[in-house]
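Every number here is computed from the coordinates shown, using simple stated rules; none is lab data. For clarity, every value in this text was computed on a predicted model and none was experimentally measured. Note: ideal-geometry Cβ built from the backbone for every residue, glycine included; neighbour counts use all protein chains shown.
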Amino acid sequence: MECFVQYLDDLEDLCYAFALKWERIRAKLRFTLFVAAAFSLQLAGVFLALVNPPSAVALVAVLVVWLLWHGAVSPTPAAAGNR
């Protein structure tokens, strides 16, 4: 009976080790996707500026207004922790 309990303990250790490794893989995958998305959006902005400059300026204006609104409305991390 003790061998069976030891087997279950080893199986549990394996599951938790996999979960810990998966968290590292997930973090690296999220970072890679973020970098790829940021690069592709910048490249698309450059192509838009080459093809239609007024549309690129309008898009930049909308993004700046959105960033200002987001900065004014969203709480800071320190303020969110005090609630």
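Projecting the Cα positions of Val51, Phe31, Ala72 onto the charge dipole of the chain (unit charges on Cβ atoms of Lys, Arg, Asp and Glu, taken about the Cα centre) puts Val51 furthest along the positive direction. How far, in degrees from 0 to 90, does helix 53-73 lean away from the longest principal axis of the Cα atoms of the chain, to the nearest 10? With both axes taken from Cα atoms, the answer is about 50 degrees.
Working note: Karplus 6.51/-1.76/1.60 with θ = phi - 60° gives segment 45-51 the couplings x, 5, 5, 5, 5, 6, 7 Hz, where Gly and Pro are set to x.
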